[in-house]
Amino acid sequence: MTEPTVLRWPLPAGAGTGGEPYSCPECGAAQRLTAALDLEDWSAEPTYMTCPAGHLWAEERFPRWMGADIFRLALEVNPNLLEDIATLHALQAEGDDPTP
């Protein structure tokens, strides 16, 4: 199996930048957000995020290079990361938030 270039990453509750949590600009949701991390995109362009209601936005405070670096580091630390992410997605779909 080849690794995907883009990974839908469930953000932990309260994730944010500069002490301010990310939230959906349309509905205000700040939990169970998902970021699209691209392992190959090291640009300063904003990362796309979605909320549980399906709203999509470009989060200016989360540049794509930051997501690429998180993804790269996480894969180095945990080679089973992709399977773990699938488990997180399944738990979130059931309404559970496994993040502390």
Residue-normalised value, i.e. accessible area per residue, for the chain at 1.4 Å probe, in Å², stands at 59
Relative to 2.2 N^0.38 Å, what does the C-alpha radius of gyration of the chain come to as a ratio? Two decimals please. 1.03
If I model a spin label at ASP69 and ALA36 as a point 7 Å from the Cα along the Cα→Cβ vector, what separation in nanometres do I get? 2.2
Estimated inter-spin distance, ALA29 and LEU81, nm [label 7 Å along Cα→Cβ]: 2.4
Over the alpha carbons of the range 1-50, what is the largest minus smallest coordinate on each principal axis, giving the biggest first in Å? 35, 24, 19
How high is the FRET efficiency between ARG61 and ALA13 when r is their beta carbon distance and R₀ equals 22 Å, given to the nearest 0.05? 0.85
Express the carbon and sulfur contribution to the solvent-accessible surface of the chain as a percent, rounded to the nearest whole number, probe 1.4 angstrom. 55
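The values are calculated or read from the model by the stated rules, or taken from the named source; none is laboratory data. As the structure is a prediction and not an experimental result, all values here were calculated from the model. Quick reminder, even Gly has a Cβ in these numbers, built from the backbone with ideal geometry, and neighbours come from all protein chains shown. We work out accessible area using only protein heavy atoms, side chains counted, and drop any ligands, DNA or RNA first. Shrake-Rupley method; radii C 1.70, N 1.55, O 1.52, S 1.80 Å.
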